[in-house]
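Nothing in this text is a laboratory measurement; each read-out follows from the coordinates by a stated rule. It should be emphasised that the depicted structure is a prediction, and the values quoted were computed from it without experimental measurement. Note: ideal-geometry Cβ built from the backbone for every residue, glycine included; neighbour counts use all protein chains shown.
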Amino acid sequence: MHAFTVVFLIALAVTTATRMWLAGRHIRHVLAYRDDVPAEFAASVTLSAHQKAADYTVAKTRLGRWETLVSVALLLVFTLGGGLQFLADAWSGAFRAGGYAHGIALVASVAVISGIVDLPFSVYRVFVVEERFGFNRMTAGLFIADLAKQITLGAALGLPLLFAVLWLMDRMGAYWWLYVWLAWMAFNLVILAIYPTVIAPLFNKFTPLADESLRVRIEALLARCGFRAKGLFVMDGSKRSSHGNAYFTGLGAAKRIVFFDTLMQRLAPQEIEAVLAHELGHFKHRHVIKRIAMVSVVSLVFLAALGYLIRQDWFFQGLGVQTPSTALALLLFFMALPAFTFLFHPLASVYSRRHEYEADAYAARQASAGDLVHALVKLYQDNAATLTPDPVHSAFYDSHPPAALRVARLQAFSRPRPT
């Protein structure tokens, strides 16, 4: 067995075992506290709501375990099982091996196969798990329409990007990875810019905020925070799910503030203001820019690593490929990468949680910490988010702090300071 094959299998085994162990911990922890509402939420969360959140969390986590196992099996079929090599040989009958058309066909076929394997999980998640807990409002027709739009949009945006990447890899010499990185970052910035007005309306309807008193309240908050928005919109999220949220999107003068209609129905005006103040806290602390910068640095490091690996025969042979090409290098690298990076997930969680705490603190200064707490508790209930996640599982997967820690910090802002 090739030495790198052994390294890959060890990394994959460790990552898979860790993910399964974390899922088991999470399920056991949530079930252990299923029948007791945490003391700090006893006055605002009913036992039935708490138990619903526990059962919903367990159902999603169990489904996630099966997804993990199937994804690992598919990865092994593609790599050590010879799947990628088989597809590469098969497409060589129609296109010149190693050419742009051959590379695009190879990547597209892998994407199609992966999508077909993932589809049953998506169907089960929407029409069984979400339906069982009363969240799903998606019809079969809408599900199919969304899927068709996603495939069309993915092809329209992804195929030209893939061609550009393959061309740069072929023409830019030893430092092709730097040019690919520049193209990738430019592509992401373009997507951020066009998403609010071009992409999002393909899936949802956005109407200007009609509640005049709420508009006045929000515009006063925006003025206090020094935030300029292109508009305030309500999104028809209720046609797919009863989950609620709010966000701002876009770049520069094109920034929009968007509220789910389900959020508008559930929260009081002052609570909506507090939730928005939290989102504006991300803007004020430049969290979006910081995250883009972090992603850009990480992606540059990864592409530089690929620039080295693409010249190493052991990289291809160790992952089951005998005829190297640029497209195969891309596929192998990004397929194998999660096996080597998963254990670093807590670092990203720590970074993200720090931003959430900073945004909460900002909201407490610009609106009301108490109103934000009330809004969060309602959102936890409406979204059936567990109040008792396993701490280790949460450290790996959750970008937001656990409910108890987050609420405790916000309540500290509400208490009068000692004189």
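In straight-distance terms, cross-link reach from Lys239 covers every one of the aspartates and glutamates whose alpha-carbon lies under 17 Å from its own, apart from those fewer than eight places away in the same chain; here that gives Glu130, Glu131, Asp146, Asp261, Asp382. In terms of the Cα gyration tensor, with a ≥ b ≥ c the square roots of its eigenvalues, is the stretch 115-241 rounded because a/c is under 1.5, prolate because a/b exceeds b/c, or oblate? Cα axes put the stretch 115-241 in the oblate bin.
Descending by average beta-carbon neighbour count within 10 Å, the peptides 234-245, 267-278 line up as 267-278, 234-245, the highest first.
Quick one: if the Förster radius is 22 Å, what FRET efficiency do Tyr124 and Met294 give, using the C-beta to C-beta distance and rounding to 0.05?
Working: r = 34 Å, r/R0 = 1.53.
Calculated value: 0.05.
Across the stretch 340-409, Cα pairs under 8 Å and at least six residues apart give a relative contact order of 50 percent. May I ask you to list the aspartates and glutamates whose Cα is less than 14 Å away from that of Lys290, ignoring any residue fewer than eight positions away on the same chain? Lys290 reaches Glu356, Glu358. Between Ser48 and Trp66, the distance separating the two model label sites (each 7 Å from Cα on the Cα→Cβ line) works out to 2.9 nm.
Fully extending the segment from Ala39 to Ala94 would add 13.2 nm, taking 0.36 nm per residue of separation and subtracting the current Cα-Cα distance. Counted as membrane-span-like here are DSSP H helices of the chain whose alpha-carbon atoms extend 30 Å or more along the helix's own axis and whose Kyte-Doolittle mean is 0.5 or above; these are 3-32, 100-124, 140-171, 287-309.
Among Tyr308, Tyr33, the order by Cβ neighbours within 10 angstrom, fewest to most, reads Tyr308, Tyr33. Ranking Val298, Ala339, His285 by how far each Cα lies toward the positive end of the dipole of the stretch 221-367 (charges on Cβ) leaves His285 at the top. Taking every alpha-carbon pair under 8 Å whose residues sit at least 6 apart, the chain reaches a relative contact order of 24 percent.
Restricting to Cα pairs below 8 Å that are 6+ residues apart, what does the relative contact order work out to for the stretch 28-91? Please round to a whole percent.
Rounded, it is 25 percent for the stretch 28-91.
Of interest is the spacing of the C-alpha centroids, which for the stretch 130-148 and the stretch 351-380 amounts to 31 Å. Judged by the mean number of other Cβ atoms found within 10 Å, the most tightly packed of the peptides 330-338, 186-194 leads the ranking 330-338, 186-194. Name the shape class, rounded, prolate or oblate, that the alpha-carbon gyration tensor gives for the stretch 271-350, where a ≥ b ≥ c are the square roots of its eigenvalues, rounded holds for a/c under 1.5, and otherwise prolate holds if a/b is larger than b/c and oblate otherwise. The shape class here is prolate.
Taking Gly141, Gly98, Gly318 in turn, the Gaussian network model of the chain (Cα-Cα springs below 10 Å) assigns the largest fluctuation to Gly141. By the count of neighbouring beta-carbon atoms within 10 Å, fewest first, Lys230, Lys378, Lys290 end up ordered Lys290, Lys230, Lys378.
For the chain, DSSP calls about 60 percent of its internal beta bridges antiparallel.
Given the Cα-Cα distance of Val190 and Thr152 and 0.36 nm per residue of separation, how much length would full extension add, in nm? Write down the numbers at each step before the final one.
Working: separation 38, 0.36 × 38 = 13.68 nm, distance 1.81 nm.
The span from Val190 to Thr152 would gain 11.9 nm if fully extended.
Listing His400, His26 from the residue with the fewest other Cβ atoms within 10 Å to the one with the most, what is the order? Numbers along the way, then the final one.
Working: His400 17, His26 26.
Least crowded to most crowded, the residues run His400, His26.
Structure note, pairs Lys52/Lys284; Lys60/Lys255; Lys205/Lys378: Cα-Cα distances above 31 angstrom occur for Lys52/Lys284; Lys60/Lys255.
Amide H to amide H, with H built 1.01 Å from N, Arg137 comes under 5 Å of Ser241, Ser242, counting only residues 5 or more places away or on other chains. A value for Rg and Dmax of the Cα atoms in Å was derived from the coordinates, and within the list [x] 20.0, 67; [y] 23.7, 81; [z] 25.3, 87 it appears as [y]. Local charge sum around Val297 (other residues, Cβ-Cβ under 13 Å, Lys/Arg +1, Asp/Glu -1)? Within the 13 Å Cβ shell, the charges total +2.
With the Cα gyration tensor of the stretch 191-251 giving a ≥ b ≥ c as the square roots of its eigenvalues, does the rule (a/c under 1.5 for rounded; else a/b larger than b/c for prolate; else oblate) give rounded, prolate or oblate?
On the way: a/c = 2.20, a/b = 1.31, b/c = 1.68.
Since a/c reaches 1.5 but b/c is at least a/b, the shape of the stretch 191-251 is classed as oblate.
How many angstrom lie between the Cα centre of the stretch 253-293 and the Cα centre of the stretch 64-118? So the separation of the two Cα centres works out to 39 Å.
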